[in-house]
Every structure is written in structure tokens, then in C-alpha cells.
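A.B. asks: Take a look at this one; I'll ask things after.
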Amino acid sequence: MVLSAGALLGSSISVIGAPPVQAYPSGPDENKFVKDVHSHMQIYGDTRVESLSDSDLVGEGWWTCRNLAIGVRPQQEGIDPLIAQYAVIDLCPNRRPMG
């Protein structure tokens with residue numbers, strides 16, 4: 001019985017120590033959005049959002065669309081204008097906020 005508890009504890013520790021799984025954009029609109037943001041950063045040497053992962057970029061892009069749909073400007077939420085610009089172009093339906 002003691003050996004079984006130790007084996008279970010050991011197996012749960014190995015799961016806890018596993019690295020987190022990285023989420024990636026999955027839809028064509030999300031992939032275009034990420035590509036456009038990265039292209040802008042390369043062309044203009046813009047490094048403002050380079051520390052964000054692709055999934056964080058997409059999350060902020062969708063957050064921008066959601067907020068615009070309810071009348072909240074991206075600047076009010078601290079969303080970088082670069083993210084907001086490409087979110088409206090690539091993610092928000094019909095190039096307008098969701099709603």
C-alpha cells in the first residue's frame with residue numbers, strides 16, 4: 001500500500017513538471033493576422049510587441065474586436081495600436097468590430 005502511494009505521487013510529479021503546451025493560431029484569419037503583425041515588425045523595425053507569443057497576439061486581437069463591438073477603444077484597454085490596426089483588418093468580421 002505504501003509503495004502504491006509512492007508510485008502515484010511520483011507519476012503525478014512528472015506530469016506537473018511537464019512543460020506547458022504552446023497554443024498556436026489555428027484559423028486562416030488568425031494566421032494572416034500573426035503574419036501581418038510580424039511582417040510589419042520586420043519591415044519597420046518595430047519591436048513594440050515582439051515579446052508577445054503568437055497566441056498572445058491573437059488573444060489581444062480578438063479582445064480588440066470584442067471591445068470595439070461594445071464601444072471600448074483599444075487604447076482604453078492598453079492594446080498596442082499595431083495589434084488593433086491589424087485586428088480590425090484581419091480578425092474583426094467585415095473589417096468591423098464584432099457585434
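We did not get these values from a lab; they are worked out from the coordinates using the rules stated. Worth saying up front: this structure is predicted, and the values here are computed from it rather than measured. When we count neighbours, we look across all protein chains shown, and the Cβ atoms used for this are built from the backbone with ideal geometry, even at glycine.
A.B. asks: Against the 2.2 N^0.38 Å scaling, with N counting residues, where does the stretch 30-99 land? I'd like the Cα-based Rg ratio to two decimal places.
C.D. replies: It is 1.01.
A.B. asks: Multiply the residue separation of Ser55 and Ser26 by 0.36 nm, subtract the distance between their alpha-carbon atoms, and state the gained length in nm to one decimal. Walk me through the numbers before you get to the answer.
C.D. replies: Details: separation 29, 0.36 × 29 = 10.44 nm, distance 0.95 nm.
Between Ser55 and Ser26, full extension yields 9.5 nm more.
A.B. asks: Whole-Hz Karplus ³J(HN,Hα) for the stretch 65-70, in order, using 6.51 cos²θ - 1.76 cosθ + 1.60 and θ = phi - 60°, x for Gly and Pro?
C.D. replies: Computed from phi, the couplings for the stretch 65-70 are 4, 4, 5, 4, 5, 9 Hz.
A.B. asks: In nanometres, what is the gap between the two model label sites at Val72 and Asp36, each 7 Å from Cα along Cα-to-Cβ?
C.D. replies: Here the answer is 2.2 nm between the modelled labels.
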